[in-house]
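These notes concern the structure reproduced below.
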Amino acid sequence: MAVALVTGSAGLIGSESVKFLINKGLDVVGIDNNLREYFFGKDASTEWNKQLLLSSFKNYYHFDVDIRNNQEIEKIFKEFKFDLIIHTAAQPSHDWAANEPFTDFTINANGTLVLLENFRKHCPEAVFIFTSTNKVYGDTPNKLPLVELEKRFEIDSNHKYANGIDESMSIDQSLHSLFGASKVAADVLVQEYGRYFHLNTVCFRGGCLTGPAHSGTRLHGFLSYLMRCCIWGKKYYIYGYKGKQVRDNIHSSDLVNMFWHFYLNPRQGEVYNAGGGRFSNCSMLEAIELCEQISGKKLDYAYQEQNRIGDHIWYISDLTKFKTHYPDWDFTYSLKDILEEIYEYQSHLYQKGIINI
C-alpha cells in the first residue's frame, strides 16, 4: 500500500489532503505541532482538527514534530517509505513574519530544506508537492493597469493577464513582505531539487486557499474568518484599497485534487498558479455581501485606510498551464458553494462544542 507524508496535517490543506488520500486507499503520516496557535492565539488552534483526524481514520499516524528538527524528521523518513510528500506546513502571515523574522524564515525556508533533503536521501522516487503562494510575486501585480469599479478593482480587459496572472510574472525586484521572501526561498529550493537532482517536485502558488476546516483568524484565513465574524458578531477590519481588493478563492478539496492529478503523472521542478481563477473570485466588499446573505446577519466592520505592506490590490490566477497539462481536472466548488459550506460547518462545530467563538 502506498504511504503519504503530509506536513501541516491538522491545517486546512493538510487535513483535506489526509482525508482525500485515505479515501484513495493510502496510509497517511501527518506532521503538525500546532504552531498556528503560537502564531495567532487559541482561536487558531488546530488541535480540534488533529483529534478529528485521529478519531476518524485508523490508518492516520500523527507526529507532533517541528519540521525544522532534522534529527526527528529523519527518524520518520527512516521508519516509513513514502511514495508522496505533501508539504503544507508554514508560517502563513505577512504581518506576523515582521515580528519574528527568524522564526518565519526558519520554518518556511529551512523547514522546507530539511524535508527536501530527507526526500532526496530516503525516497527519491517519490513525488514532492509544495504549497507555495502567490506572494512570491511580491507587489508586482499592483503595477498592472487596474480599473476601479463600484465594488472591486479589475484589470484592463485588453491586458495579457485579463484571464488571470500566469507563471510568467517575475518574482524578482518587488516588495514581498518577509513572509513572501521566505516562501520565495522555499519555492526556489523545491524547483531546484526537481531540476538539479531530477526529482519529481512541484510548487503550487496558491491564491486564497479556503474551506470549512480553516482555523481562520484576523491575520490569516480571509473567508473563514470573515464568515466567523459575521455569524458571531465579531468586528471585522478592512485594510486599505476601499475594500475593493480582489482575491480568487479555491476550495481545499479542489486544490488537493490538483495535487492528486500531479501525483499520478508527475513532472520535475514544475510550477503552477493555483487559485479560483475567473471561476471563483471576489472583492472584500462582495465577500461581505455574500456572507451577510448566507448567514442572514449584518457584519460589524470598520475600515482602516492603511493597507497591509505588499498586499495585492487585484489577484486572479490563470490556471491555463495546469489545465493544459492535466485536462481532466476542473473546479467543483463555486464561491457561493465555499461560503455556504464554511457557514454550515462552523455552525455545526460550534454547536458540538468542538470550537469556541
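The values are calculated or read from the model by the stated rules, or taken from the named source; none is laboratory data. What you see is a predicted model, and the numbers here were worked out from it, not measured in a lab. Cβ coordinates were reconstructed from backbone atoms using ideal geometry, including for glycine residues, and neighbour counts include every protein chain displayed. Side chains included, ligands, DNA and RNA excluded: accessible areas come from the protein's heavy atoms. Shrake-Rupley method; radii C 1.70, N 1.55, O 1.52, S 1.80 Å.
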Exposed GluC sites (Glu not before Pro) being those in a DSSP loop with at most 11 other Cβ atoms within 10 Å, the longest stretch of the chain free of them is 151-304
Between R195 and K78, the two model label points (7 Å from Cα along the beta-carbon direction) sit apart by a distance in nm of 3.4
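Before rounding to the nearest 500, sum -39500 (n - 2.57) across all DSSP H runs of length at least 4 in the chain and divide by the residue total; then give [θ] at 222 nm in deg cm²/dmol.
-12000 deg cm²/dmol, from helical runs alone.
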Spelling it out for V29: with amide H atoms placed in the peptide plane at 1.01 Å from N, the residues 5 or more places away or on another chain with amide H under 5 Å from its amide H are A4, L5, V6, Y61
Checking L26, L226, L12 against a Gaussian network model of the chain (alpha-carbon springs below 10 Å), the top fluctuating residue turns out to be L26
By accessible area (1.4 Å), largest first, D337, D166 order as D337, D166
To the nearest Å², the heavy-atom accessible area per residue of the chain with 1.4 Å probe amounts to 41
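Do any of K235/K321; K50/K160; K160/K242 go past 31 Å between their Cα atoms, and which?
Too far apart for the 31 Å limit: K235/K321; K50/K160.
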Of all stretches in the chain that avoid trypsin sites (Lys or Arg not before Pro) placed in a DSSP loop and having at most 14 other Cβ atoms within 10 Å, the longest is 82-159
Computed over segment 58-117, the relative contact order (Cα-Cα under 8 Å, seq sep at least six) in percent reads 47
Filtered hits (lysines, Cα-Cα < 16 Å from K183, offset >= 8 within chain) -> K135
In the chain, helical segments from DSSP H whose Cα atoms cover 15 Å or more along their own axis and that average at least 1.0 on the Kyte-Doolittle scale are 222-232
Inter-part gap, Cα centre of segment 275-321 to Cα centre of segment 6-21, in whole angstrom, is 24
Under 5 Å from the placed amide H of Y301, counting only residues 5+ away or on other chains, we find Y236
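Accessible area, 1.4 Å probe, largest first: how do I313, I288 sort?
Largest to smallest exposure gives the sequence I313, I288.
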The percentage of the accessible area of the chain (probe 1.4 Å, all protein chains present) made up of carbon and sulfur atoms, to the nearest whole number, is 49
Expressed as a whole-number percentage, the relative contact order of the chain with C-alpha contacts under 8 angstrom and at least six residues apart is 19
